[in-house]
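Engineer: A single structure is presented below for examination.
The values are calculated or read from the model by the stated rules, or taken from the named source; none is laboratory data. As the structure is a prediction and not an experimental result, all values here were calculated from the model. For neighbour counting, all protein chains shown are included, and Cβ atoms are generated from backbone atoms with ideal geometry for every residue, glycine included. In case anyone asks, the SASA skips ligands and DNA or RNA and just uses the protein heavy atoms, side chains included. Shrake-Rupley method; radii C 1.70, N 1.55, O 1.52, S 1.80 Å.
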There are 2 protein chains.
Amino acid sequence: MVDFILTENIFNNENIPWNGNRFLIGNGYFGIRGTLEEYTKEQMCAVNMAGIYDRAGSAWRETVNAPNPLHTYVKVNGKKYALPENKPVFHEQQLDFENGLHSRKTVWQTENGTITVKCERFASMSRRHLIAMKYTFSADFECDAEMITGIDGDVWDINGPHFVKFNSGSEDGVNYVEGITGEKHISVTARDSVKLDFDAECSGDVCEKAVYRRIVFKAEPHKEYCIEKIAEITTSEDDFEPIGDIRDITYQELKAEHTAAWEKIWDISKITIDGDDDAMYALNYSIYHLNCIAPREMKGKSIAARGLSGQVYKGAVFWDTEMFMIDYYIHTEPEIAKTLLQYRIDTIDGARAKAKEYGLNGAYYAWESQEGGYEGCSDYNITDVFTKRPMRTYFRDKQYHVSAAIVYGLMKYIKGTGDYGILNEGAMEMVIECAEFYRSLLVKKADEPYYEIRDVVGPDEYHERVNNNSYTNRMAKFVFDTALELIEKYPSDEYDSLKSMFKDSSENIFIRKPNDGGIIEQFDGYFKLEDASVDEVRSRLIDPKEYWGGAYGVAADTQVIKQADIAAMLSMFSNDYTADIMKKNFDYYEPRTEHGSSLTACMYSLLACMTGNPDAAYPLFMKSAAEDLRPGGKQWLGLIYIGGTHPAAAGGAWIVAVKGFAGISEQNGRLVCRPCLPKKWKGMSFKLMYRNKIYDIAIQDNNVSIT
Amino acid sequence: MVDFILTENIFNNENIPWNGNRFLIGNGYFGIRGTLEEYTKEQMCAVNMAGIYDRAGSAWRETVNAPNPLHTYVKVNGKKYALPENKPVFHEQQLDFENGLHSRKTVWQTENGTITVKCERFASMSRRHLIAMKYTFSADFECDAEMITGIDGDVWDINGPHFVKFNSGSEDGVNYVEGITGEKHISVTARDSVKLDFDAECSGDVCEKAVYRRIVFKAEPHKEYCIEKIAEITTSEDDFEPIGDIRDITYQELKAEHTAAWEKIWDISKITIDGDDDAMYALNYSIYHLNCIAPREMKGKSIAARGLSGQVYKGAVFWDTEMFMIDYYIHTEPEIAKTLLQYRIDTIDGARAKAKEYGLNGAYYAWESQEGGYEGCSDYNITDVFTKRPMRTYFRDKQYHVSAAIVYGLMKYIKGTGDYGILNEGAMEMVIECAEFYRSLLVKKADEPYYEIRDVVGPDEYHERVNNNSYTNRMAKFVFDTALELIEKYPSDEYDSLKSMFKDSSENIFIRKPNDGGIIEQFDGYFKLEDASVDEVRSRLIDPKEYWGGAYGVAADTQVIKQADIAAMLSMFSNDYTADIMKKNFDYYEPRTEHGSSLTACMYSLLACMTGNPDAAYPLFMKSAAEDLRPGGKQWLGLIYIGGTHPAAAGGAWIVAVKGFAGISEQNGRLVCRPCLPKKWKGMSFKLMYRNKIYDIAIQDNNVSIT
């Protein structure tokens, strides 16, 4: 049996930001970074709120971090002991991701003996507003001890501060800190209630941005002194109410509820792999993260590119959701998938406004979508390392493929659930307007018969402003075809008149064919670019943090690409291509890919599976599954910090496992399983929801059972 | 009377590059930089050959500098005296630009007294292969003197060395150094012959790349010792033969011929201004330069952007010639104008190849045209000052307006000379193919009626890759209209079938109208750019040499433009616009123009004249006329040296004087003169050739006589 426990048992100052991500706990309403209880904003603590945004001044808009109700530390004989200041003699941090429990144990040597701090905490999966913490102190000598625990409103922000006003106080045993955001006056409040199992002298301290409890006691040697805190986070934007009074709930009760909720989640989502514990561990760790950030109980909310691990990428929703994450939810908890799509439907006004801004029609979804579909991406999304000036990037203007990704995600949902009803809830309109958007991008040369899409940024962002990115053109055709298919299926006066336009678009858009060698050129002129290796291009960097793309980046004029582009297209439209073409393109593009994105390895991996090469797929699968477990991921884009969790890689790993290795596909409304396991895998078993039924899939030595 | 003499009478080391330009002499076959006789490549000496190009390795192709036959210095009592090493007590450098004579006088203090070197030289305007020099030494004390004079083949190059082989020698009194270029094995030879008027001991020294004569004599006090050198430059590419044997020709004879030739040139080209000597001086200095570089006697040669002042801008021909220089030649020596156009006709294969390279039709002329129409412009035309990396620029790919400029120049020539015959000599084909080129640029949005030209660099190079640059679209329409007009005039089976295509193009290309405020937007979205002042934008420079344009330059996202763009269009198509619109656009765009090009001031100046505002035009006219007289012009583009003479500014000054202030235009085949003189000008007089007749124009106090 594989233990779903992640452990770090040394203390390394440099790992603080990374541990904040990989030890994350969350329940969809918020994420709590895997920082220690004594940490403050210096160590990037965050209770990161889903879908609550604010702009401070003219800085980037981003999600808001709630006042932190976990802030706790100890004093012994008047001296504070805390990391990272005091070097410990023992330190262990753990995430039990089977049960969604974070814990730590730290031992310090003092002048008189050793002291030990232990803490366990969780983000309640049963009562989504709640956080519970059990904090324990002991010493091997008698001492005057103090526990200071409170709510810290002076939170970490990348582009803050977001709270322009605070209300702090204490009432009937409940302390609270309320922060009010500057832009939209949203209230975000943390409350706490603390229980002690020992005698102590308790006092309180209410500051502007914080409220603290001071618990002073005489500690006997080798006795454990434990406090239990139940904290509650609420906002003025909540879709659902807190359950119960935090003063009435015990840690033990809440933990029992919480682990039961996780057990239920794992029942449908766990994937067992026979013969490869590492893969099973990493894959289920990925699934854990997908569950921590799923917007359960929430209306029309989606998932940010860095999940709930902080404000990186502005807490915004990218195409990642519909391309890489939604598949998992469709086949485990489809109501979550529907919530994600409802977010897009609800925010179509933002997409309409963006199309209009660029003189285009229909719905052009935001590259970095915030509440209401507000575009969070600025024209200057990277800072030049040499001049420290903002660089004009074209992510916002020209990544036209985002609208198509949403339609693609919708169709995966409809095919996976059979829920055509969603079309009556705004999705039909969304498809039509996305098709109108792509129609308005089409241009035709004076004497040529076909339509082009020019001046584009494809998935491979290192090459900006290219013409006829094969991926984008193919996706546009997909949207035209989808609109046509749905108009045919549901004829209406409103849309029938659009059929000829979409038909013309689909038939005449330029779809690039493979060249004589079977390779599909990524965009007009790509093959003419310098064919330098990734290593060669990397060696040209002057500053390790410099951006590879943009107008003058080291990759810009070479064939080195950031991430799967042609490979994504091939895996998404695998019926259009032979296995031979897919293999040739894998062999051509994979070595030319920097894999400078967490979205890329899974795409190549899936493509390798489709060409019957699971062993080529395997290392890319592991890269994707272990994205948040591996140290030293890409932390910088120019001068901008981009660390955090990678739910798209997690979702991508799930896709490879289920659709690649297990070979699950849908044919004529039925699940088909054509496994293609890596050599060392003897078997796989998992559950899958498909069109309202749960199937048990078991693969053993290439025997398949679906029940 | 205004003396046409340029004098510098101090010695300033820092002025060496600039003096090389402003003291230039030339005869169209070569230019000789205004460097001193003792200078070598360190001081940027050059006998810059017109139209002879070479590429060394993978560096930029550029014109070739001939072995320098002027290299001469003195030794007194064994010690060398030369600038810049030895500080002089007196120094004067002069250019008599009435007679095309360069001279210098330098006095040094030695241990025993003073010594004086004088030298006069010229590039023969009568025998275009010849250079003559008279070099004089004297001392105010008795001394052992030595004159060393020879041919220096170790020449200055920007992207050299170009000579991969040398043949040096001496035969029958003639020394020679022949250099052979690496790329095309072109031979460039300098020969010299020297005469003495005193007794001396003469010896010779033949090295690999140089041949020297050593003239040793005992100098008496206060006596002048003079040597006369006649040198000859030839190449294996010559269109015409040298006249005479250099051993037979005397300095005096050659000088008489030379000054007679200049007198003849000035007879048709001098412009007299009553009331403004500075303007008259600067304007005729500009005309001097236009005459030094005119390709007289040469077949199908044009003029480089920096004339014959060196290899800057690769010695290549730009749109400058047809836009700014050709007018002067059309109206003084139209056979030169025809030679310039013949160059474009002869090089149409290069333009065809370039169009094909970009998947376009017809003739796309080179941005930096070398022999055969070879494109000298690289994809990386600027070096980034911060990273020292080459920057991807789009001058080569997307300055589509160059072909139209050539058609525009042709039509100026035809209208100014009446020489429709040139259409039978290849010009008709050129017009048609330029129109086919623009046709192939047109794109139409799926549901819009008009054609656009997208992804363009207009005259204002600071904004790359814009859509619907108003200037470019208008020029394309002009080319379509010209092609239609000529096909109508000369019906032929070959071209009649193209009429409907050109008609469709002309009628449906998007021509931007003025907005409500009367301003014509430079390109799609220009008005949305930050409206920062030129000074504000300049203040954002981190490095004074950094490039303002490109993707991230300080001007790129602002309304600050490099040079006349809308203003150029308005002055070229003045019949399309009211004076009010022209004035409003002048007032809008002029303050937003950095004037970072020598092509801009004259355009604005001409536009100001057209709106009846000669006093607004005047400072811009003077800027243009004195471009090569003013210190501190723009010497750098990124890290690339761009100094040299500015014949486009010279030609532009002539255009403003004649077409602006004198108000000369052509109406129904007749010259019309509607003067609009600056306040201080009482009158102007000049000759003008128009349709094979020479007219004397005299303007005095707004009375005009044309005879």
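Engineer: Filter the stretch B:682-694 down to the residues that are under 28 Å from the mean Cα position of the chain (by Cα) and over 22 Å from B:LYS412 (Cα atoms), then identify the one that is surrounded by the most Cβ atoms within 10 Å (Cβ to Cβ). Break it down into steps so the answer makes sense when it comes.
Structural biologist: Taking the stretch B:682-694 as the starting set, the residues that turn out to be under 28 Å from the mean Cα position of the chain (by Cα) are B:684-694.
Now narrow it down to the ones that are over 22 Å from B:LYS412 (Cα atoms): B:684-685.
Details: B:MET684: 26, B:SER685: 16.
Filtering the stretch B:682-694 for residues that are under 28 Å from the mean Cα position of the chain (by Cα) and over 22 Å from B:LYS412 (Cα atoms), the one surrounded by the most Cβ atoms within 10 Å (Cβ to Cβ) comes out as B:MET684.
Engineer: Take residues that are under 31 Å from the mean Cα position of the chain (by Cα) and of a type in the set (A, V, I, L, M, F, W, C) and tell me which of the helices (runs of 4 or more DSSP H) falling wholly in the stretch A:448-552 contain 1 or more.
Structural biologist: Numbers: elements: A:470-489, A:493-496, A:499-508, A:534-539.
Hits in the stretch A:448-552: A:470-489, A:534-539.
Engineer: Is it fair to say B:SER605 is more than 14 Å from every other protein chain (Cβ to nearest Cβ), in contact with a Leu (Cβ under 8 Å, 6 or more places away or on another chain) and crowded, with 20+ Cβ neighbours inside 10 Å?
Structural biologist: Numbers: more than 14 Å from every other protein chain (Cβ to nearest Cβ): yes; in contact with a Leu (Cβ under 8 Å, 6 or more places away or on another chain): yes; crowded, with 20+ Cβ neighbours inside 10 Å: yes.
So B:SER605 fits the description; yes.
Engineer: List the pairs whose first member sits in the stretch B:497-518 and is farther than 13 Å from B:ARG474 by Cα, whose second member is part of a loop (DSSP other than H, G, I, E, B) and open to solvent by less than 40 Å² (accessible area, probe 1.4 Å), and whose Cβ atoms are under 9 Å apart, counting only residues at least 6 apart or on separate chains?
Structural biologist: Pairs found: B:MET501/A:ALA446; B:ASP504/A:ALA446; B:PRO514/B:ILE520; B:PRO514/B:GLU521; B:PRO514/B:TYR577; B:ASN515/B:GLU521.
Engineer: Within the stretch A:221-236, which residues are more than 24 Å from A:GLN252 (Cβ to Cβ) and surrounded by 15 or more Cβ atoms within 10 Å (Cβ to Cβ)? I'd like the intermediate steps shown before the answer.
Structural biologist: Let us first name the residues in the stretch A:221-236 that are more than 24 Å from A:GLN252 (Cβ to Cβ), namely A:221, A:235-236.
Of everything in the stretch A:221-236, just one residue is more than 24 Å from A:GLN252 (Cβ to Cβ) and surrounded by 15 or more Cβ atoms within 10 Å (Cβ to Cβ), namely A:THR235.
Engineer: Being of a type in the set (Lys, Arg) and either within 22 Å of A:MET603 (Cα to Cα) or in contact (Cβ under 8 Å) with a residue 40 or more places away in the chain (or both) is the filter here, so list the residues in the stretch A:650-696 that pass it. Steps first, answer last, please.
Structural biologist: First, the residues of the stretch A:650-696 that are of a type in the set (Lys, Arg): A:659, A:670, A:674, A:679-680, A:682, A:687, A:691, A:693.
Listed by number, the residues that qualify are A:LYS659, A:ARG674, A:LYS679, A:LYS680, A:LYS682, A:LYS687, A:ARG691.
Engineer: Restricting to the stretch A:519-555, give me the number of residues that are among the aliphatic types (A, V, I, L, M), under 15 Å from A:GLY458 (Cβ atoms) and open to solvent by 10 Å² or more (accessible area, probe 1.4 Å).
Structural biologist: First, pick out the residues of the stretch A:519-555 that are among the aliphatic types (A, V, I, L, M): A:519-520, A:529, A:532, A:534, A:537, A:541-542, A:551, A:554-555.
If we keep only those that are under 15 Å from A:GLY458 (Cβ atoms) as well, we get A:520, A:529, A:555.
If we keep only those that are open to solvent by 10 Å² or more (accessible area, probe 1.4 Å) too, we end up with A:529.
Count: 1.
Engineer: Go through the residues of the stretch A:296-313 one by one and say whether even a single one is open to solvent by 10 Å² or more (accessible area, probe 1.4 Å) and part of a helix (DSSP H, G or I).
Structural biologist: Yes, there is a match, as at least one residue in the stretch A:296-313 is open to solvent by 10 Å² or more (accessible area, probe 1.4 Å) and part of a helix (DSSP H, G or I).
Engineer: Oh, and also: On the basis of being in contact (Cβ under 8 Å) with a residue 24 or more places away in the chain, open to solvent by less than 20 Å² (accessible area, probe 1.4 Å) and either within 14 Å of another protein chain (Cβ to nearest Cβ) or of a type in the set (Asp, Glu) (or both), does B:ASP384 make the cut? Explain how you work it out, then say what you get.
Structural biologist: Numbers: in contact (Cβ under 8 Å) with a residue 24 or more places away in the chain: yes; open to solvent by less than 20 Å² (accessible area, probe 1.4 Å): no; either within 14 Å of another protein chain (Cβ to nearest Cβ) or of a type in the set (Asp, Glu) (or both): yes.
For B:ASP384, the condition - in contact (Cβ under 8 Å) with a residue 24 or more places away in the chain, open to solvent by less than 20 Å² (accessible area, probe 1.4 Å) and either within 14 Å of another protein chain (Cβ to nearest Cβ) or of a type in the set (Asp, Glu) (or both) - is not met.
Engineer: Could you look through the stretch B:393-449, keep only residues that are touching a helix residue (DSSP H, G or I) at 6+ places or on another chain (Cβ under 6 Å) and of a type in the set (S, T, N, Q), and pick out the one that is nearest to the other protein chains (Cβ to nearest Cβ)?
Structural biologist: B:SER403
Engineer: With the condition kept exactly as written, say whether any residue in the stretch A:476-499 is open to solvent by 20 Å² or more (accessible area, probe 1.4 Å), away from chain B (no Cβ under 14 Å), closer than 20 Å to A:ASP576 by Cβ and basic (Lys, Arg).
Structural biologist: Residues of the stretch A:476-499 that are open to solvent by 20 Å² or more (accessible area, probe 1.4 Å), as a first pass: A:477-478, A:481, A:484-485, A:488-499.
This time we only want the ones that are away from chain B (no Cβ under 14 Å), so: A:478, A:481, A:484-485, A:488-496, A:499.
If we keep only those that are closer than 20 Å to A:ASP576 by Cβ as well, we get A:478, A:481, A:484-485.
Then drop every residue that is not basic (Lys, Arg), which leaves none.
Checking the stretch A:476-499: not a single residue is open to solvent by 20 Å² or more (accessible area, probe 1.4 Å), away from chain B (no Cβ under 14 Å), closer than 20 Å to A:ASP576 by Cβ and basic (Lys, Arg).
Engineer: Does the stretch A:564-580 include one or more residues that are among the polar types (S, T, N, Q) and in contact (Cβ under 8 Å) with a residue 40 or more places away in the chain?
Structural biologist: Going residue by residue through the stretch A:564-580, those that are among the polar types (S, T, N, Q) are A:571, A:574-575, A:578.
From the residues that got through so far, the ones that are in contact (Cβ under 8 Å) with a residue 40 or more places away in the chain too are none.
The answer is no; no qualifying residue exists.
Engineer: Taking the options B:ALA337, B:ALA355, name whichever one is in contact with a helix residue (DSSP H, G or I) (Cβ under 9 Å, 6 or more places away or on another chain), in contact (Cβ under 8 Å) with a residue 24 or more places away in the chain, open to solvent by less than 10 Å² (accessible area, probe 1.4 Å) and within 14 Å of chain A (Cβ to nearest Cβ).
Structural biologist: Working: B:ALA337 fails: within 14 Å of chain A (Cβ to nearest Cβ).
Going through B:ALA337, B:ALA355 in turn, the sole match is B:ALA355.
Engineer: For A:ALA279, only one of the following conditions fails: (1) open to solvent by 10 Å² or more (accessible area, probe 1.4 Å); (2) outside any loop (DSSP other than H, G, I, E, B). What is its number?
Structural biologist: (1)
Engineer: May I ask you to list the residues in the stretch B:400-427 that are under 20 Å from B:LYS356 (Cα atoms), open to solvent by 10 Å² or more (accessible area, probe 1.4 Å) and not in a loop (DSSP other than H, G, I, E, B)?
Structural biologist: If the condition is that a residue be under 20 Å from B:LYS356 (Cα atoms), open to solvent by 10 Å² or more (accessible area, probe 1.4 Å) and not in a loop (DSSP other than H, G, I, E, B), then no residue fits.
Engineer: For residues in the stretch B:102-118 being of a type in the set (A, V, I, L, M, F, W, C) and more than 32 Å from the chain's Cα centre (by Cα), which is surrounded by the fewest Cβ atoms within 10 Å (Cβ to Cβ)? First the steps, then the outcome.
Structural biologist: Looking only at the stretch B:102-118, we keep the residues that are of a type in the set (A, V, I, L, M, F, W, C), and these are B:107-108, B:115, B:117.
Among the residues that remain, those that are also more than 32 Å from the chain's Cα centre (by Cα) are: B:107-108, B:115.
On the way: B:VAL107: 17, B:TRP108: 22, B:ILE115: 24.
Out of the qualifying residues, it is B:VAL107.
Engineer: Continuing with the same structure: Answer yes if at least one residue in the stretch A:225-243 is in contact with a Gly (Cβ under 8 Å, 6 or more places away or on another chain), under 30 Å from A:ILE326 (Cβ atoms) and in contact (Cβ under 8 Å) with a residue 24 or more places away in the chain, and no otherwise.
Structural biologist: Residues of the stretch A:225-243 that are in contact with a Gly (Cβ under 8 Å, 6 or more places away or on another chain), as a first pass: A:237.
Now drop any that are not under 30 Å from A:ILE326 (Cβ atoms), which leaves A:237.
Now drop any that are not in contact (Cβ under 8 Å) with a residue 24 or more places away in the chain, which leaves A:237.
So far as the stretch A:225-243 goes, yes, one or more of its residues are in contact with a Gly (Cβ under 8 Å, 6 or more places away or on another chain), under 30 Å from A:ILE326 (Cβ atoms) and in contact (Cβ under 8 Å) with a residue 24 or more places away in the chain.
Engineer: Just need a number here: residues in the stretch B:192-216 that are among the basic types (Lys, Arg), open to solvent by 70 Å² or more (accessible area, probe 1.4 Å) and not in a loop (DSSP other than H, G, I, E, B). Spell out how you get there, then give the answer.
Structural biologist: Taking the stretch B:192-216 first, the residues among the basic types (Lys, Arg) are B:195, B:209, B:213-214.
Imposing the further condition that a residue be open to solvent by 70 Å² or more (accessible area, probe 1.4 Å) reduces the set to B:195, B:209, B:214.
Going one step further and asking which of them are not in a loop (DSSP other than H, G, I, E, B), we end up with B:195, B:214.
Final tally of qualifying residues: 2.
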